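A short write-up of the structure that comes next.
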Amino acid sequence: MSGINLAPGETHIGRIVAALRQLIAGRSNAAGMVTLSPNAASTTVAAPNCAATSAIFLFARSADAAAEVKNGTIYVAAASVANGSFVITHANNSQTDRTFSYLAIG
């Protein structure tokens, strides 16, 4: 779940407090969901808060996604992590339900 976006010059104390409370409650703009592209060997994820030095964590949300992890055919290469995006390398098949939650930290 997303948190409140604050502008760099935010001065409204109520918005700042609300953003901090959401962060403490576990909400973060560093998380999202992605479904792997069918009939392709990679999927590019637009992640605005991702940095080139971020660590990417994937969590399976469907049986086919869990099978992808079990098969060892999914990974995010460090070289594919950039400011604003990352690339997931995976098996090339026609499945359309390989859905993951992700977390881009750092």
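Quick note: the coordinates plus some simple rules give every number you see, no bench work behind them. Owing to the predicted nature of the structure, the values given are computational and were not obtained by experimental measurement. Counting neighbours? That spans all protein chains shown, and the Cβs are built from the backbone with ideal geometry, glycine included.
On the beta carbon distance between Asn5 and Asp64, with R0 = 30 Å, the FRET formula returns roughly 0.35. Local charge for Ile74 was computed over the other residues whose Cβ lies under 15 Å away, with Lys and Arg +1 and Asp and Glu -1, and equals 0. Summing Cβ point charges (Lys, Arg +1; Asp, Glu -1) relative to the Cα centre of the chain gives a dipole of roughly 240 debye.
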